[in-house]
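Structure, as structure tokens:
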Amino acid sequence: MSDVYELTLGLPHTNHRGLSEPLLLMYAGHFQWMSIADATGGPLSRLRTASGGEVYAAFYYIEERIPATTPLESFGLDDVVRFVITLRSFKNIAVEGRVVFDRPARLSDPAAVEAALAPGATDVPHPFIRFGNIFVTPVKGNSLLRVAPPASADFSRLPPLPNDDNPYHLTRAAAAGRGLGVLDHRWSPAGSFEHRYQIDVERDTNGAGLVYFANYAHFMETAERLALMELALPIPTDLLGRRSLSHRRIAYYGNADVSDTIDVRVTVLRDPASTQSLGFRYAIERHEDGQTICLSEAVKVMPLQH
């Protein structure tokens, strides 16, 4: 069973290059929340623990795969984008969402869409997102979130997520230093950069009072741009400015107090076999206690001609 949403892109959904990654995550993440709410019997804002504490469906994992034939920047003003989402649940504590999105005409074959959404599907011909949400409750503000199954949510409508397929294992491996699997041994570091950022309580938070998960992509994008300026790689500036997301994984390990500062470390990598590709590894730490709250790996591609 899948949920279908459509979005007509306007100024709130785009930047100067078209549909951008952070804005995509905001809207795709919103549709994910809507699907979870529909599947579990009510608005997520009403979820509570057995003792009455607030419960949030926090994101702990994201994977994005964007085909070269349909880059994010190919979606612009007034384009209609269809999102198709299918969910699975791990007991009553976590939900996985698999999302394909594209122009409606390219998602008109239900059987092909279901095949693209199937676990283990490869070479999906549409932009694809895999979301992992876990239910948490605040113990010490944003700095300490504890797993908390919602007391009143009904997960019986969702097919089970096998433990072996739970993206939680990918996040644990990354935390142990084994990486997120986007970049392998072929990639060699070209340099690193660190960006310090003061959380903006008005702009960076969501309605739950947390630092919004999609804004981590903003933080990484800024650090990435500054790193490329600082490192002065032998690549034409106009090509660097047109780099386009191909593959990314993000693992979240916590949140930050709205008055805190974060440090974003980014390492830029090159693949000797490809002059078009750049790799990035990111680590975000909160200044409060030096705790790593986010890790990410990404591959971005640049056009052949400029």
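The values are calculated or read from the model by the stated rules, or taken from the named source; none is laboratory data. Since we're looking at a predicted model, the values are computed, not measured. Cβ placement follows ideal geometry from the backbone for every residue including glycine, while neighbour counts extend to all protein chains displayed.
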When you check Leu183 against the structure, is it in contact with a Gly (Cβ under 7 Å, 6 or more places away or on another chain) and surrounded by 15 or more Cβ atoms within 10 Å (Cβ to Cβ), yes or no? yes
Can you confirm whether Asp200 is in a helix (DSSP H, G or I) and either at pLDDT below 95 or under 30 Å from Gly97 (Cα atoms) (or both)? no
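Filter the stretch 147-197 down to the residues that are polar (S, T, N, Q), within 22 Å of Ile36 (Cα to Cα) and over 20 Å from the mean Cα position of the chain (by Cα), then identify the one that is modelled with the highest pLDDT.
Asn163
Run down Ala153, Ala105 and say which single residue is of a type in the set (A, V, I, L, M, F, W, C) and surrounded by 20 or more Cβ atoms within 10 Å (Cβ to Cβ). Break it down into steps so the answer makes sense when it comes.
Working: Ala105 fails: surrounded by 20 or more Cβ atoms within 10 Å (Cβ to Cβ).
Exactly one of Ala153, Ala105 is of a type in the set (A, V, I, L, M, F, W, C) and surrounded by 20 or more Cβ atoms within 10 Å (Cβ to Cβ), namely Ala153.
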